[in-house]
């Protein structure tokens, strides 16, 4: 326990190696980490979290790099979590987002961490959220979370941010349709990057009409997502984005009526849902795996003795009834 | 259930514009199930060490094809020691003359992989020699 509070103190003091290891332990699901996170929670809620998402190659990392530069000029400290996909075949990952941001690596006011999606039973959302908490407790003013915007998991990740920026580029055609299906709803600001390319205005107007179609969502003086043209690599349009982020922040502040807009009822509900879900799945699977029940069930299905639905019932029901009778799993 | 995975960094120190080898190594590491941070070209030893600490990696693989390895590799090791991060294993690869290898190893480079090294052998070496650091 003493060791734990030591870690908490070091995080709050901004000790980089402690923070780096703690994020690793979160990622690796080391059980003891929960105690540290419990103690750190009181120190969270101060940082402003910005989510940046978009398809591979649209320029997210370049944009993040420029944003870091701007925030640093204002004297603000920045934490970055750059999420890249884990290979579903090997479980490994190449994390290359740092390449565009390495010029900041010697700046003590910037902490950049690459995360892999891992992808076992979800859990990405909660581990990213916990990593955000750590960077928050360490005192970062802004935390930028960068993800490839595909899949429910990653949409959930960007939802943990206060302001979510969706980045697209001209000429991706059907990709805009994909965005419409999943991510349009979570975007607070849209960016058409590489706007010097042909078709930027078309992309812009397509986005505009999609947002306008959602008109009733944005009625009653609510935030209506702006769309910005940008050439991040030439630092064009980045100031405008930061202004819009500032405006969105004001808007959130106003609607929260001075309360902490990071810890709204809705956000707490989402986080708690995620925690309960992750914990339950983990406990149940650990139990089924350790007792050998899971492998046994796989064998019976393989042997054709039972169908997978029945096998699932057999695995889940006895454990659930234990829970209902007031006994822990 | 704890799910520890090796985290490695592949880095190109100095004024060397060739990263084909580094990229192939990074892919081999990914395919072996490791998480690999790649930091891109033209890195100073200082940048590499800071990134390695922030990323909490277990190993840094340095690639050099331009002849700067005697200074650059040793400088990385020196900086890791200064930061108390010398638990991070350092290995190297690239165009490195045989008679430089003993001196690099003496400085703390754990292994050097020269042209002709097989990817499988490198992966096996990592599995045998790099462990998740405990501190």
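The values are calculated or read from the model by the stated rules, or taken from the named source; none is laboratory data. Quantities reported herein were computed from a predicted structural model and do not represent experimental measurements. With ideal geometry, Cβ positions are generated from the backbone for all residues, glycine too; neighbour counts draw on all protein chains shown.
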Inset, instruction - Would you check if there is a residue in the stretch A:53-70 being more than 9 Å from chain B (Cβ to nearest Cβ), assigned to a strand (DSSP E or B) and either in contact with a helix residue (DSSP H, G or I) (Cβ under 6 Å, 6 or more places away or on another chain) or within 15 Å of residue A:131 (Cα to Cα) (or both)? - result: yes
Inset, instruction - Within the stretch A:46-67, identify whether any single residue is closer than 27 Å to residue A:259 by Cα and surrounded by fewer than 19 Cβ atoms within 10 Å (Cβ to Cβ), and answer yes or no. - result: yes
Inset, instruction - Mind counting the residues in the stretch B:11-37 that are touching a helix residue (DSSP H, G or I) at 6+ places or on another chain (Cβ under 9 Å) and within 23 Å of residue A:25 (Cβ to Cβ)? - result: 6
Inset, instruction - Looking only at the stretch A:60-68, decide whether some residue is assigned by TED's automatic domain parsing to the domain that holds residue A:246, under 23 Å from residue B:79 (Cβ atoms), touching a strand residue (DSSP E or B) at 6+ places or on another chain (Cβ under 7 Å) and at pLDDT 95 or above. - result: yes
Legend entry - Residue selected from the stretch B:27-37 under the condition on the phi < 0 side of the Ramachandran plot and in a loop (DSSP other than H, G, I, E, B), by the criterion surrounded by the most Cβ atoms within 10 Å (Cβ to Cβ): B:34
Inset, instruction - Return yes or no: is residue B:75 outside any loop (DSSP other than H, G, I, E, B) and at the interface with chain A (Cβ under 7 Å from one of its Cβ atoms)? - result: no
Legend entry - Residues of the stretch B:79-106 satisfying the condition of being away from every other protein chain (no Cβ under 14 Å), in a helix (DSSP H, G or I) and within 14 Å of the chain's Cα centre (by Cα): B:104, B:105
Inset, instruction - May I ask you to list the residues in the stretch A:80-91 that are under 20 Å from the mean Cα position of the chain (by Cα) and at the interface with chain B (Cβ under 7 Å from one of its Cβ atoms)? - result: A:87, A:91
Legend entry - Restricting the stretch B:8-26 to residues that are in contact with a strand residue (DSSP E or B) (Cβ under 9 Å, 6 or more places away or on another chain) and either part of a loop (DSSP other than H, G, I, E, B) or at the interface with chain A (Cβ under 7 Å from one of its Cβ atoms) (or both), the residue that is surrounded by the fewest Cβ atoms within 10 Å (Cβ to Cβ): B:18
Inset, instruction - From (1) within 21 Å of residue B:1 (Cα to Cα); (2) not assigned by TED's automatic domain parsing to the domain that holds residue A:246, pick out the condition that doesn't hold for residue A:86. - result: (2)
Legend entry - Elements of type helices (runs of 4 or more DSSP H) contained in the stretch A:138-237, each with 1 or more residues being modelled with pLDDT of 85 or more and assigned by TED's automatic domain parsing to the domain that holds residue A:84: A:200-213
Inset, instruction - Taking only the stretch A:107-137 into account, find how many residues are within 9 Å of chain B (Cβ to nearest Cβ) and in a helix (DSSP H, G or I). - result: 0
Inset, instruction - Could you check how many residues of the stretch A:92-106 are at the interface with another protein chain (Cβ under 7 Å from one of its Cβ atoms), part of a helix (DSSP H, G or I) and surrounded by fewer than 20 Cβ atoms within 10 Å (Cβ to Cβ)? - result: 1
Inset, instruction - For the stretch A:253-280, name all the residues that are touching a residue at least 24 places away in the same chain (Cβ under 8 Å) and under 19 Å from the mean Cα position of the chain (by Cα). - result: A:261, A:262, A:263, A:267, A:270, A:271, A:274, A:275, A:277, A:278
